[in-house]
1. At what distance in angstrom do the alpha carbon centres of the stretch 73-105 and the stretch 170-245 lie from each other?
2. Taking 4 °C and 1.567 mPa s as the conditions, I'd like the Stokes-Einstein D for the stretch 66-163 in µm²/s, using the Kirkwood hydrodynamic radius from alpha carbon pairs.
3. Please give every one of the lysines within straight-line cross-link reach of Lys89, meaning a C-alpha to C-alpha distance under 16 Å, and leave out same-chain neighbours fewer than 8 residues apart.
4. Using the Karplus equation 6.51 cos²θ - 1.76 cosθ + 1.60 (θ = phi - 60°), what ³J(HN,Hα) coupling, rounded to whole Hz, does each residue of the stretch 81-94 give in order, writing x for Gly and Pro?
5. Which percent of Cα pairs goes in each bin when the distances of the stretch 211-251 are cut into 10 angstrom slices starting at zero?
6. log10 I(q)/I(0), Debye, Cα-only the stretch 106-234, no solvent, q = 0.19 Å⁻¹?
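Please treat every number below as a calculation from the coordinates, not as lab data. The model shown is predicted, which means the values in this text are computed figures rather than measured ones.
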Amino acid sequence: MKNVNRVFFCKSLSLVFLVPSFTRSHLRFTYSAAGASSPNLAIHCMASDSPQSGDSSVSSPPNVAAVPTSSSSSASSAIDFLSLCTRLKTTPRAGWIKRDVKDPESIADHMYRMGLMALISSDIPGVNRDKCMKMAIVHDIAEAIVGDITPSCGISKEEKNRRESEALEHMCKLLGGGERAKEIAELWREYEENSSPEAKVVKDFDKVELILQALEYEQEQGKDLEEFFQSTAGKFQTDIGKAWASEIVSRRRKQH
């Protein structure tokens, strides 16, 4: 069984993470060079909303260049960004932990299969399939910093969006700004706002992947995960989402 961090993010007001030091009104991140090679270091939930006075681990925001000035700085920005994204591979999805699912999928596992959904989906008039694939692999990218905030965490939609927006802004600066960072930010916001045909398709893939994984855990571990099917029922926006969800539900009914 792989080692994963069983970390809850529901009540976190400040977070310590392995990224360059900077201070936000609600989020705190510190970088540890000694621990950078260890992907399983936890995100620690702090009790305070802001750093304590005299805390030497927090410094002023770094001056991040909008665009890398050389190939070496570009490579450095890329590796810093990718190292931060390691958290997506090692952080299990919170909903499964709360239901005592054994060896639960990570955030990256979830996004990867959504990317495959976009890859194998049939052409849809007015929908850019390549854009859907890109959107699928960035839609939860801010969770590398804030973790998997679920409805049961007791955090409002507005606060969740604020935290994730700040995290995304930091990640784009870490990447060095420029066209790729801008593309990631635009894809993420488009998904959050459900403002394009591609966003609607990927939103449906998000729910389809959820219930498919729920069905698989029911089959593998004898769990009753009806709540996930109930929470997504009637919320699919596209024909492909409705068709795939219907197929999953049909297979589940045959096994009950």
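1. Taking the Cα centre of the stretch 170-245 as reference, the centre of the stretch 73-105 is 16 Å away.
2. Once the numbers are plugged in, D ends up at 83 µm²/s.
3. Lys2
4. Whole-Hz 3J(HN,Hα) from phi for the stretch 81-94: 5, 5, 5, 4, 5, 3, 4, 5, 7, 10, 9, x, 5, 4.
5. It works out to 30, 54, 15, 1, in whole percents.
6. So the normalised log intensities are -1.19.
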